[in-house]
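Worksheet: one structure, shown below.
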Amino acid sequence: MEFNHVESEKKWQEYWEKNKTFETDVWDFSKPKFYALDMFPYPSGHGLHVGHPEGYTASDIVCRMKRMQGYNVLHPMGFDSFGLPAEQYAIQTGNHPEGFTLENIKTFTTQLKMLGFSFDWDKEVSTCDPKFYQWTQWIFKQLYEDGLAKYVDFPVNWCEELGTVLANDEIIDGKSERGGYPVVRKMMKQWVIDIVKYADRLLDGLNEVDWPESTKEIQRNWIGKSRGAHVNFKVDGHDESFTVFTTRCDTLFGATYCVLAPEHALVDLITTPEEKEKVAAYKQECASKSDMERTELNKDKTGVFTGAYAINPVNQKKVPIWISDYVLASYGTGAIMAVPAHDERDYEFAKKFGLEIIQVLDGESVEEKAMVDDGVHINSDFLDGLNKEDAINVMIAWLETNKVGQSKINYRLREWIFARQRYWGEPIPVVHFDDGTMEALEDSELPLVLPELNDYKGQAGKSPLDRATAWVEGEKHGKHYRRETSTMPGSAGSSWYFLRYIDPHNEKEIADKKLLEHWMPVDLYIGGPEHAVGHLLYSRMWNNYLYDKGIVPCKEPFKKLFHQGMILGENGEKMSKSRGNVINPDDIVKAYGADTLRLYEMFMGPLEASKPWNDKNVEASRKWLDRVWRLFIDSNRLVDTNDGSLDFSYNATVKKVTSDIETLNMNTAISQMMIFINDCYKQEKIYREYALNFIKMLSCFAPHICEEMYQILTGKQTLTYEPWPTVDESKLILNEVEMAVQVNGKMRGKFMIAKDEDTKIVEETALNLESVKTHTEGKEIRKVIVIPNKIVNIVAN
Ligand code: ANZ
């Protein structure tokens, strides 16, 4: 009897659905909990791609094991369903984005079900559903009332083509991430969330979580905490003064000119009549450049003199004030003191425009280039002879005593722009009265639902909602109001969706407090690394905030985070329509079955690595499943007494598969299962209990075929809640050896492994050791030499 994937997969998917096999009773606190979260998909018009099942299969494997280990598992799925593509579609076709979105959600759901994921569909959420966004609006309202959501004048990234403001992480090389349209800076009244208030908390929290070090580092850099000082400069002959932010106030004696960002408020006030024209022209020129273009290190420096001078507070020297685009309006104070002797950018600028260069740190000459290394202070009066650290402390004390500056911590992190002039997002639940005051809606007025429109495009920088006059205008407390017509950004719903899954039908609050206490934090979160500074920072801030409000029980929402790697085309390039190398998961499922697709994607290589698709290996994965089927179903080898011949192989397999699933080393778990099957084929008789337990383990990867085998062999309905096999350590002792691992000749770790283990497995195990990974990360593995039962030598560079 051959395994028929078409029939069997349909049969089990129907069984699971009908019997609600994966439904979680969130109120059952009798078992330990396990909350596994996947980054929910944006339901695009293209359906699932092969990258989706990669992360989703990995989390599914862990969940299936945890259920058998006796955990109460929460494994939900939903849709991040507001956003630009649906809106672009609506603008182009005149159709409502909701219909299109719901259609896409349907397709996605069918595809996800077809892959046999053990999601609890009763917990599904969709961010564009008013029942969901009622609570997104409610959280916004709390932020507003606590002064963290603010309506302020703000320099924004404006994209004319998309007719909306974009967040920094949505801009690549000065162009919109979506569509590649030009982006310019302009001032606008904006809703922002003061995420900077949480900067220190967001830094500290990173020390508590089990996340990839690289992602933590990206977040640290994005937050960009820097310790420095504010120094005040008077403008010569004016009442005006300005403040600069510097990390090197100790170099103040070497400050020979100042630079204001072209957008700095003082520029027009201090520019002398002779320079007005040039300054105006230069400002115009800068408006169209992105921050990224402006701060590029190698770019030719440009700038103009304002005609005005500043007084260096430490020696009363007059220094010229310039404007240049290498100083950003949005960082620090938008003004700098330039120390060309010791800063490369200032040096380049000073050379180009013939400005004075004064060396204040002893060391190499600054004739040819800036001297950026540390050195003892010279030409610096009371700082002479001091090192950097001491000089900074002395200077800060001097600035504070003389009331011309103070120490200052600065963050690169900006306020989070929280509004767009677009239709397809959560309406901001605020009304503006004619007298300029505003007010958030009453809880009873939520959700504030989007009105119907017949044209979804914004005009002249105005939100499309502006045209829904009947919706916009109203009266409250006897006063006329207009509703806020911008909507929330795409990141709003995803900043808290993981809380709603826990109690998605609650009509009274975002989720029951007892449930949040029991289920949070998320134990395992799997998704792509591209969200390192967007979603993964925003959601941490909201969670920290809700913690402060006493709503959630923990500061950090995601205990463990894992990024799956990218699946590339067979040619090693990114899959894309234009390259014609896109693999459609539906086709694979049709030809080979969902089990094969799942198994194949887990066997491609380490989960976190990028790896190319390979059709031959898809077929091989199916062949191996057939080989397992033949062994247990067709070969008549199962017996009820244990002759001990498989004791070692079986126990080694249980041990390795269990720990590999725990650490998400799915590929090596599969290798071990393959070894076990090879060992079984060498035996005439296979102990039935071993076979059944093996099927349970494999079912995490290939659930349909395993349900089928388990049913044939036991007559039972589903193996979902059968007990997970345990290891009999006594069967392993004699057969294990300790092996050492060297990387480039240095001892980097040890591990226990079966004696005479297959070289391939030894290699993989060695390469997967944490202590080895830290020494091979970012390097290419040149050679791996295994001296059996003794040592593994890795050459990497
Ligand atoms: C004088 C100085 C001397 C500086 C020196 C550096 C080296 P981080 O560490 O990234 O915070 N800066 C300040 N505001 C700026 C702005 N809006 N646009 C561009 N550059 C700005 O960098 C802080 C340093 O970057 C500051 O310290 C300032 O230059 C510059 F030998 O002040 B420094």
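Within the option set Val209, Val184, being farther than 17 Å from Asn543 by Cα and either touching a residue at least 60 places away in the same chain (Cβ under 8 Å) or touching a helix residue (DSSP H, G or I) at 6+ places or on another chain (Cβ under 6 Å) (or both) holds for one residue only, Val184. Among all positions in segment 359-379, there is at least one residue which is hydroxyl-bearing (Ser, Thr, Tyr), farther than 14 Å from Leu252 by Cα and out of contact with any Lys or Arg (no Cβ under 8 Å at 6 or more places or on another chain). Filter segment 388-419 down to the residues that are within 18 Å of Ala229 (Cα to Cα), in contact with a strand residue (DSSP E or B) (Cβ under 8 Å, 6 or more places away or on another chain) and not in a helix (DSSP H, G or I) and list them by number. Passing the criteria: Val404, Gly405, Gln406, Ser407, Lys408, Ile409, Asn410, Tyr411, Arg412. Within segment 310-321, can one find any residue that is in contact with a Pro (Cβ under 7 Å, 6 or more places away or on another chain) and touching a residue at least 24 places away in the same chain (Cβ under 8 Å)? No; the residues of segment 310-321 include none that is in contact with a Pro (Cβ under 7 Å, 6 or more places away or on another chain) and touching a residue at least 24 places away in the same chain (Cβ under 8 Å). Test Ile551 against the criterion of being assigned to a strand (DSSP E or B) and either at pLDDT 95 or above or surrounded by fewer than 22 Cβ atoms within 10 Å (Cβ to Cβ) (or both), and give yes or no. No: the conditions fail for Ile551. Every residue in segment 457-495 that is among the hydroxyl-bearing types (Ser, Thr, Tyr) and over 30 Å from the mean Cα position of the chain (by Cα), please. The answer is Thr469, Tyr481.
Out of all the residues in segment 161-178, is one or more under 28 Å from Ala397 (Cα atoms) and away from the ligand (no atom under 16 Å from the Cβ)? No: zero hits. Could you tell me which residue of segment 212-264 is surrounded by the most Cβ atoms within 10 Å (Cβ to Cβ), considering only residues that are more than 30 Å from Gln564 (Cα to Cα) and acidic (Asp, Glu)? It comes out as Asp250.
One residue alone among Lys773, Lys750 is free of Cβ contacts under 8 Å to residues at least 60 places away in the same chain, under 19 Å from Ser671 (Cβ atoms) and not in a loop (DSSP other than H, G, I, E, B), and that residue is Lys773. The set of residues in segment 45-82 being within 20 Å of His518 (Cβ to Cβ) and surrounded by fewer than 20 Cβ atoms within 10 Å (Cβ to Cβ) consists of Gln69, Gly70, Tyr71.
Only one entry in Met575, Met602, Met541 is at pLDDT below 95 and crowded, with 18+ Cβ neighbours inside 10 Å, namely Met575. Could you go through segment 337-356 and let me know if any residue there is at positive phi, within 43 Å of the chain's Cα centre (by Cα) and either in the same structural domain as Phe242 (by TED's automatic domain parsing) or within 11 Å of the ligand (Cβ to nearest atom) (or both). No - not one qualifying residue is present in segment 337-356. Identify all residues within segment 123-139 that are within 15 Å of Leu499 (Cα to Cα) and part of a helix (DSSP H, G or I); write none if there are none. Answer for segment 123-139, where residues must be within 15 Å of Leu499 (Cα to Cα) and part of a helix (DSSP H, G or I): Lys123, Lys131, Phe132, Tyr133, Gln134, Trp135, Thr136, Gln137, Trp138, Ile139. Screening the candidates Ala440, Ala470, Ala511, Ala532 for the property of being over 30 Å from Leu664 (Cβ atoms), buried (at least 17 other Cβ atoms within 10 Å of the Cβ) and of a type in the set (Gly, Ala, Ser) yields one hit, Ala440. In the set Gly332, Gly375, only one residue is surrounded by fewer than 19 Cβ atoms within 10 Å (Cβ to Cβ), within 14 Å of the ligand (Cβ to nearest atom), not β-branched (Val, Ile, Thr) and not in a helix (DSSP H, G or I); that residue is Gly375. Figure legend. Inter-residue proximity from segment 591-618: first residues farther than 16 Å from Lys574 by Cα and without any contact (Cβ under 8 Å) to a residue 40 or more places away in the chain, second residues of a type in the set (Lys, Arg) and in a loop (DSSP other than H, G, I, E, B), beta-carbon distance below 6 Å, spacing 6+ or different chains. No pairs are indicated. Figure legend. Inter-residue proximity from segment 572-589: first residues among the aliphatic types (A, V, I, L, M), second residues exposed (fewer than 11 other Cβ atoms within 10 Å of the Cβ), beta-carbon distance below 9 Å, spacing 6+ or different chains. Indicated pairs: Val582/Ser576. Scanning segment 605-621 for residues that are surrounded by fewer than 22 Cβ atoms within 10 Å (Cβ to Cβ) and not small (Gly, Ala, Ser) gives Pro606, Glu608, Lys611, Pro612, Trp613, Asn614, Asp615, Lys616, Asn617, Val618, Glu619. Val327 passes every criterion in (1) farther than 27 Å from Gly375 by Cβ; (2) near the ligand (Cβ under 9 Å from one of its atoms); (3) part of a loop (DSSP other than H, G, I, E, B) apart from (1).
Quick check, is Ala370 within 16 Å of the ligand (Cβ to nearest atom), more than 38 Å from the chain's Cα centre (by Cα), over 25 Å from Val196 (Cα atoms) and surrounded by 16 or more Cβ atoms within 10 Å (Cβ to Cβ)? In short, no. Would you check if Gln672 is assigned by TED's automatic domain parsing to the domain that holds Ser771 and modelled with pLDDT of 95 or more? Answer is no for this residue.
The values are calculated or read from the model by the stated rules, or taken from the named source; none is laboratory data. Note that the structure is predicted; figures quoted are calculated from it, not measured. For neighbour counting, all protein chains shown are included, and Cβ atoms are generated from backbone atoms with ideal geometry for every residue, glycine included.
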